[in-house]
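Asks: I am attaching a structure below and will ask some questions about it afterwards.
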Amino acid sequence: MQKKYLMTPGPTPVPSEVLLAQARPMIHHRTPDFNAVVRECAEGLKYVFQTEKSDVLIFASSGTGAMESAVANCFCPGDKVLVGYNGKFGQRMEQISQAYGLDVTVLEYGWQQVVDPADIAAFLQENPDTRGVIVTQSETSSGVLNDVQAVGAIVKEYSACVLIVDSITGIGAVDCKTDDWHLDVVMTGSQKGLMLPPGLAALTVSPKAWRAYERSTLPKFYFDWKKYLKNLEKDTTPFTPAVSLMIGLAESLKLMRAEGLESLIARHARLAEATRAGCEALGLELFAPAEGRGNAVTPVWVPEGIDGKKLVSTMKNKYGVTIAGGQDDYAGRIFRVGHLGYFGDFDIITTLAALEMTLAELGYEFEPASGIRAAEVVLTQ
Ligand SMILES: Cc1ncc(COP(=O)(O)O)c(C=O)c1O
C-alpha cells in the first residue's frame, strides 16, 4: 500500500468532517431539513465571499457553469466586453463571451505577467459604452494573482459596466473583498478552497449585476439567476440540488468560519511562502512574477535537462505525491504545487521531500535536504 498525497490546485483534499457529512443517508430536497442546509450554505458563502450587499447563488455544476452563467445573465448579443487575461482560465472567459456573440476585446498578457489595471482604465476611457470587464483573480495555470481591487476601483466609475471576477482558486486562499472592492460577480468552485469534491459552483450578484440581468436578452434557462434568487428567498433551489455536496458544503463552511477568514488566508500565505522558499533553495526558478504571486498554487520551472513529465509521474508513481504539470505551451516545462484548501505544514514538507528525492533520481544536482530546511525556516517563524 502507498499513502497518497493530493497536492494539486483542484480537486483538493477533503477533510474527514466533510467526507462524513456527505456520507449521511440521502434526504429529500423539498423538506425543512434541506431548507436549513440551503440557509447555512448561503450564509456561510456570504462570509467567505465577504459580502452583505450581493446575493450568493449556488449551482450544481463545475466552475465553468458559473462562468458561462455570468455571461448569459449580464449581457445582450453584441455587447462590448473587455477580457484581461494571462492564462488558460482567463482565455476561457474570452471563449465563452465569443460563444454568446458578444463584441469581445482582449487584453492578452503573457503567462508570467500580471493584468495591468491601467490598460483597463485606458480602454474604458476610450470605450465608455463597455458593458463588462472580465478578469481572473487567481490564474491557476500560471499562479499569477491579478489586482482585482484596483480593477474594481476603475470599473465602479462606469454605472453600466459590470466587473466579473473568476476567483475560482482565489476564494479561501487570498483576500477577495466583494463589497469593499466593488466586484459585481465573483465565482468559485467546490473542488478548490471550499474543500469539497467537484460538482458545485457559487457566485455573487451585486445590485449593479442585477441591473445588467434585467436588461440582458441572452438565452438562459438552467443558469437563469432569477430562478435561483426566487428559490433562495424560500431557502430552496429551482432544480434538484447536489444534496450531498451541499450538506458537505455546510460542514466545510463551518470549518472555514471556525478558523476565521484572516487566519485562513494567512495560513495559505505561509504555505505558499514555504513552498517558494523550498523550491528556490533547491536552485529552482519560480514561474510567477514577484509582483503577482498567489497563495493557491506555486508553479516552478523544470530545471534544464530534466524531463518535466517524468518529474511529475515519478513523484506520483514512486512517492504517491500528485502535483500538477504545466498546461498548453508550458506542458512539461513547469510543474505546479497546489496548496489550496485543506493543507498544513507537513503537506509542504512531504512534497518538498518527494521533490528532492525525485530530482536526485533524475540527475539534478543540489544540496540534499536544502529545500525542506528552507521551508522549515518559514514554517517555524
Ligand atoms: C481559475 C479557474 N477558473 C476556472 C476554472 C474552471 O473550473 P471547472 O474546471 O470547475 O469548470 C478553474 C479550474 O481549475 C480555475 O482554476
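Asks: Within region 1-36, how many residues are open to solvent by 20 Å² or more (accessible area, probe 1.4 Å) and either of a type in the set (F, W, Y) or part of a helix (DSSP H, G or I) (or both)? Steps first, please.
Replies: As a first pass, look at region 1-36 and keep what is open to solvent by 20 Å² or more (accessible area, probe 1.4 Å): 1-6, 10-11, 13-14, 16-17, 19-20, 22-33, 35-36.
Within this subset, residues satisfying the condition of being either of a type in the set (F, W, Y) or part of a helix (DSSP H, G or I) (or both) are 5, 16-17, 19-20, 22, 32-33, 35-36.
Of the residues in region 1-36, 10 are open to solvent by 20 Å² or more (accessible area, probe 1.4 Å) and either of a type in the set (F, W, Y) or part of a helix (DSSP H, G or I) (or both).
Asks: Collect the residues in region 193-205 that are open to solvent by less than 10 Å² (accessible area, probe 1.4 Å) and in a loop (DSSP other than H, G, I, E, B), keeping them in residue-number order. Before you say what the answer is, go through the steps one by one.
Replies: Going residue by residue through region 193-205, those that are open to solvent by less than 10 Å² (accessible area, probe 1.4 Å) are 193-194, 196, 200-205.
Across region 193-205, the qualifying residues are G193, L194, L196.
Asks: Let me ask something additional. Just one of the numbered conditions (1) open to solvent by 10 Å² or more (accessible area, probe 1.4 Å); (2) near the ligand (Cβ under 10 Å from one of its atoms); (3) closer than 15 Å to V135 by Cβ is not true of M187; which one?
Replies: (1)
Asks: What is the number of the single condition among (1) more than 29 Å from A250 (Cβ to Cβ); (2) surrounded by 23 or more Cβ atoms within 10 Å (Cβ to Cβ) that G63 does not meet?
Replies: For G63, the failing item is (1).
Asks: Working carefully through the options V297, V321, find the one that is closer than 22 Å to S62 by Cβ and modelled with pLDDT of 95 or more. Let's see the steps before the verdict.
Replies: On the way: V321 fails: closer than 22 Å to S62 by Cβ.
Going through V297, V321 in turn, the sole match is V297.
For every residue, the table says whether it meets (1) among the aromatic types (F, W, Y); (2) under 19 Å from the mean Cα position of the chain (by Cα); (3) within 16 Å of M7 (Cβ to Cβ).
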position	(1), (2), (3)
A266	no, yes, no
A274	no, no, yes
A277	no, no, no
E280	no, no, no
L284	no, no, yes
R293	no, yes, no
I306	no, no, no
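Asks: Another one. Counting only residues that are surrounded by fewer than 18 Cβ atoms within 10 Å (Cβ to Cβ) and in contact with a Gly (Cβ under 7 Å, 6 or more places away or on another chain), how many does region 206-233 have?
Replies: The number of residues fulfilling the criteria is 0.
Asks: Go through F366, F335, F346 for me and flag whichever is of a type in the set (F, W, Y) and open to solvent by less than 40 Å² (accessible area, probe 1.4 Å).
Replies: Details: F366 fails: open to solvent by less than 40 Å² (accessible area, probe 1.4 Å); F346 fails: open to solvent by less than 40 Å² (accessible area, probe 1.4 Å).
The unique qualifying residue is F335.
Asks: Kindly indicate the residue of region 89-132 that is touching a Gly at 6+ places or on another chain (Cβ under 6 Å) and in contact (Cβ under 8 Å) with a residue 60 or more places away in the chain and also farthest from N146 (Cα to Cα) among those meeting that condition.
Replies: W111
Asks: Got a sec? Which of A153, A122 is in contact with a Phe, Trp or Tyr (Cβ under 8 Å, 6 or more places away or on another chain) and surrounded by fewer than 16 Cβ atoms within 10 Å (Cβ to Cβ)?
Replies: Working: A122 fails: in contact with a Phe, Trp or Tyr (Cβ under 8 Å, 6 or more places away or on another chain).
Residue meeting the stated conditions: A153.
Asks: Search region 234-246 for residues being in a helix (DSSP H, G or I) and open to solvent by 20 Å² or more (accessible area, probe 1.4 Å), and hand back the single one that is nearest to A60 (Cα to Cα). Please lay out each step first, then the result.
Replies: If we filter region 234-246 for residues that are in a helix (DSSP H, G or I), which is where we start, we get 243-246.
Filter once more, so that each one left must be open to solvent by 20 Å² or more (accessible area, probe 1.4 Å): 244-245.
Working: S244: 11, L245: 9 Å.
Top of the filtered list is L245.
The values are calculated or read from the model by the stated rules, or taken from the named source; none is laboratory data. Owing to the predicted nature of the structure, the values given are computational and were not obtained by experimental measurement. Ideal geometry is used to build each Cβ from the backbone, glycine not excepted, and the neighbour counts take in all protein chains shown. Please note that ligands, DNA and RNA were not included when accessible areas were found on the heavy atoms of the full protein model with its side chains. Shrake-Rupley method; radii C 1.70, N 1.55, O 1.52, S 1.80 Å.
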